[in-house]
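Some notes on the structure that comes next.
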Amino acid sequence: MNKFRIYIPFGQDVGLLSKCVESIATRIEKFSLDPTPICIINNTLKSVLGQIPYPEKCLELIPPVELQHAQEINWAIKTARENGEPFCMALHTDAELVDGALEDILERWQEATEQGIRWAQILQFESGVFSMVNLDFFYTENVWFDAFLFPFYYMDNHMYNIIEARGWKVLTTRLWMKLILPHKSSHYLKDNLVFRRKNDLAFRRHGDLFADIWGGLPGHETNKADRTASGTLPT
């Protein structure tokens, strides 16, 4: 067993968060030695521990100001490092673990570790809904999720390209997409009208930024080998 947490970035919908927390709390004890194996990065700026199940198993981190999603992920990575965790594992608020999901991702991590694979991220479900990242990648490469360029959408594809350009790997699990997690896709975008309006204005422009950096939109890049991501990263 290892000491680790599952990090949940939270922005709205306590009902979804409660289902997410319960799905973790009822499965994680046999895998993690951490006394608070669930860490909620609470971007609503108001505590929700009194409204969710298993509060005794949760650590709640409330930032002083609202964070971009990319900043939430960076904070989770930093917290995992300070807590002595071997990786940073995360699950979206609008998803739930199912039986076998934890075993699947931990087995892939153990396999990659034993084989000496230079991995940066392991995905158990598409779009990073349930995944883990290698802390060593971020601290070795001094590369972080860039909230200036991509605060929300495109940031995952941007990071995948950086990982590969730097000679690391994005791995999938053995049961990739076979363990279907309950998932209300993009709940924050759909249910938050103000954020939806901002995203409607920004999405195409973020796509232009991505294409400027990588020579095309995701799946059509022509410049994926650039370690500096078109001069936006230190060498």
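Read-outs: derived from the displayed coordinates by stated rules, not from any lab. Keep in mind that this is a model prediction, so the values were computed, not measured. Cβ atoms come from the backbone with ideal geometry, glycine included; neighbour counts cover every protein chain shown.
Greater than 32 Å separation of Cα atoms is the criterion. Which listed pairs, 78/198; 46/169; 3/190; 57/184; 30/78; 3/46, meet it?
Cα-Cα > 32 Å for 46/169; 3/190; rest within.
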Next on the checklist: At a 10 angstrom cut-off on C-beta neighbours, averaged per residue, how do the peptides 123-134, 150-161, 103-114 rank from highest to lowest?
Outcome noted: 123-134, 150-161, 103-114
Checklist entry - Can you list residues whose amide H is under 5 Å from residue 119's amide H, if they're 5+ apart or on another chain and H is modeled 1.01 Å from N? => result 169
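Averaged across orientations, what area in nm² does the convex hull of the alpha carbons in the stretch 6-184 project?
Over every viewing direction, the Cα hull of the stretch 6-184 projects on average to 9.8 nm².
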Checklist entry - How high is the relative contact order of the chain, in percent, counting Cα pairs under 8 Å that sit 6 or more residues apart? => result 18
Checklist entry - Taking 0.36 nm per intervening residue step and subtracting the Cα-Cα distance, what contour gain separates residue 178 from residue 3 on full extension? => result 60.3 nm
Item to check | Separation between Cα centres of the stretch 80-152 and the stretch 24-64, rounded to whole Å | outcome: 18
Next on the checklist: Could you give each residue of the stretch 214-222 its phi-based ³J(HN,Hα) in whole Hz, using Karplus coefficients 6.51, -1.76, 1.60 with θ = phi - 60°, and x for Gly or Pro?
Outcome noted: 10, x, x, 6, x, x, 10, 5, 10
Checklist entry - How much length is gained on full extension from residue 223 to residue 127, taking 0.36 nm per residue of separation minus their Cα-Cα distance? => result 32.4 nm
Item to check | Cα-based equivalent ellipsoid, the stretch 1-51: semi-axes from gyration tensor eigenvalues, Å | outcome: 21, 11, 8
Checklist entry - Which net charge results when you count Lys and Arg as +1 and Asp and Glu as -1 among the other residues whose beta-carbon is under 12 Å from that of residue 129? => result -3
Checklist outcome for this item: Ordering 164-177, 43-56 by per-residue average of other C-beta atoms within 10 angstrom, highest first, gives 164-177, 43-56
Checklist entry - Under a plain spin-label model, where a point goes 7 Å from the Cα along Cα-to-Cβ, how far apart in nm are residue 139 and residue 115? => result 2.5
Checklist entry - Rounded if a/c is under 1.5, else prolate if a/b is larger than b/c, else oblate: which is the stretch 31-71, with a ≥ b ≥ c the root eigenvalues of its Cα gyration tensor? => result oblate
Checklist entry - Rounded, prolate or oblate: which fits the stretch 92-141 when a ≥ b ≥ c are the square roots of the eigenvalues of the alpha-carbon gyration tensor, with rounded for a/c under 1.5 and prolate only if a/b beats b/c? => result oblate
Next on the checklist: Return the Rg/Rh ratio of the stretch 125-235 with Cα-based radii and a Kirkwood Rh.
Outcome noted: 0.98
Checklist outcome for this item: Amide H neighbours of residue 38 at under 5 Å, excluding residues fewer than 5 places away on the same chain, with H built from the backbone geometry, are 6, 59
